[in-house]
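*Asks:* So that we are looking at the same thing, I have put the structure below in structure tokens.
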Amino acid sequence: MEEQYIYLVFSKTGTWLSRVLNIFLATKYVHSSLSFDSTLQEMYSFGRTNPNNPFSGGLVKENLRGGVYKKFRESECLIYRIAVTDHQLDHLKKDLAAFLTEKDKYRYNFLGLFFAFFNKPFKRRHHYFCSQFVSELLINSHIFELDKVPELVKTTDLFQIENKELVYCGYINQFPIMSEVLSFNNF
């Protein structure tokens, strides 16, 4: 049986929100996204639904060549792959599909993000911030265990996933385009 992988992308975009989070979290990479393939043509997260409007946030399908990453060309990232079982992958895809079927209901959880800084969970229906969303999917799929509720998970907490393998670190605009991605062993 062939190993299955998911990919976690941690990025620093240069948006005003990411600059503020860099200061308060004392880490370079404050945004987190989830992908199912090594090309990263489809990544899922909560962020700007309109790259030009910092207040238009919600559930987004991202890729490294468009959206916010196209607007902020000097964005940097860390990309990890994580081996998962077929059961974990199926569960994860089903959970994501449930989000995507009601995509327009979801909004960015600015208020929840604020409360998370003070270690106060603030759950709002249909509202998420990026690490809250990614961690909830990973926890529910039994890929990640943590002593925190997703409403308190920061991107830095996701670095604690034990079976991750670093596959790329650098500028997003230098990440190989899909035709160049044969395997991460080339890095």
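*Asks:* Enumerate the calculated ³J(HN,Hα) couplings along segment 105-120 in order (Karplus 6.51 cos²θ - 1.76 cosθ + 1.60, θ = phi - 60°), each rounded to whole Hz, writing x wherever the residue is Gly or Pro.
*Replies:* 7, 8, 10, 6, 8, 4, 5, x, 5, 4, 5, 4, 4, 9, 6, 10
*Asks:* So how much slack lies between N50 and R124, counting 0.36 nm per residue of separation and subtracting their Cα-Cα distance, in nm?
*Replies:* Gain on extension, N50 to R124, equals 24.5 nm.
*Asks:* I'd like the Karplus ³J(HN,Hα) series for segment 58-73: coefficients 6.51, -1.76, 1.60, θ = phi - 60°, whole numbers in Hz, and an x wherever there's a Gly or Pro.
*Replies:* Values, residue by residue: x, 6, 10, 9, 10, 8, 6, 10, x, x, 4, 5, 6, 5, 10, 5 Hz.
*Asks:* If you don't mind, there's one more thing I want to ask. Determine, for F159, F175, F129, the number of other Cβ atoms within 10 Å of each Cβ, and report the residues in order from fewest to most.
*Replies:* Sorted ascending by nearby Cβ count, the order is F159, F175, F129.
*Asks:* Go ahead and estimate [θ] at 222 nm for the chain from helices alone: -39,500 (n - 2.57) per DSSP H run with n ≥ 4, summed, over the residue count, rounded to 500.
*Replies:* Result for the chain, helices only: -8000 deg cm²/dmol.
*Asks:* Based only on other Cβ atoms within 10 Å, what is the fewest-to-most ordering of V68, V153? It would help to have the intermediate numbers written out before the result.
*Replies:* Numbers: V68 22, V153 26.
Placing the least packed residue first, the sequence is V68, V153.
*Asks:* Take every Cα pair under 8 Å in segment 4-186 that's 6+ residues apart, average their separations, divide by the length, and report that relative contact order as a whole percent.
*Replies:* 27 percent.
*Asks:* What is the magnitude of the charge dipole of segment 38-95 about its Cα centre, with +1 placed on the Cβ of each Lys and Arg, -1 on the Cβ of each Asp and Glu, and no other charges, expressed in debye to the nearest 20?
*Replies:* Magnitude of the dipole: close to 260 debye.
*Asks:* Would you tally the net charge around F114, using a Cβ to Cβ cut-off of less than 15 Å, leaving F114 out, and scoring K and R as +1, D and E as -1?
*Replies:* +4
*Asks:* Restrict the search to segment 75-170; then list the GluC sites (Glu not before Pro) that DSSP places in a loop and that have at most 16 other Cβ atoms within 10 Å of their Cβ.
*Replies:* Here the GluC sites (Glu not before Pro) that fit, given the DSSP loop and packing criteria, are E102, E145, E162.
*Asks:* List S141, S38, S11, S56 from most exposed to least, where exposure is judged by having the fewest other Cβ atoms within 10 Å.
*Replies:* Ordered by Cβ neighbours within 10 Å, fewest first: S56, S38, S141, S11.
*Asks:* Next up: Just grab the label-to-label distance for L89 and E2, each label 7 Å out from Cα along the Cβ direction, in nm (one decimal).
*Replies:* 0.8
*Asks:* Now, a different point. With the contact rule set at Cα under 8 Å and sequence spacing of 6 or more, what percent relative contact order holds for segment 23-117?
*Replies:* The normalised contact order for segment 23-117 reaches 22 percent.
*Asks:* Given bins 10 angstrom wide, list per bin the percent of all Cα-Cα distances in the chain, short to long.
*Replies:* Over the chain, the share of Cα pairs per 10 Å bin runs 9, 40, 39, 11, 1 percent.
*Asks:* Using +1 on the beta carbon of Lys and Arg, -1 on that of Asp and Glu, and nothing else charged, what's the dipole of the chain about the Cα centre, debye to 20?
*Replies:* Numbers: 22 positive and 20 negative charges, 213 e Å.
It works out to roughly 1020 debye.
*Asks:* Using a Förster distance of 30 Å, how high is the FRET efficiency between E102 and T156, based on the Cβ-Cβ distance and rounded to 0.05?
*Replies:* Using R0 = 30 Å, I get an efficiency of 0.55.
Just so you know, all these numbers are worked out from the coordinates, no wet-lab data involved. All values derive from a computational prediction rather than experimental measurement. We place every Cβ from the backbone using ideal geometry, glycine too, and count neighbours over all the protein chains shown.
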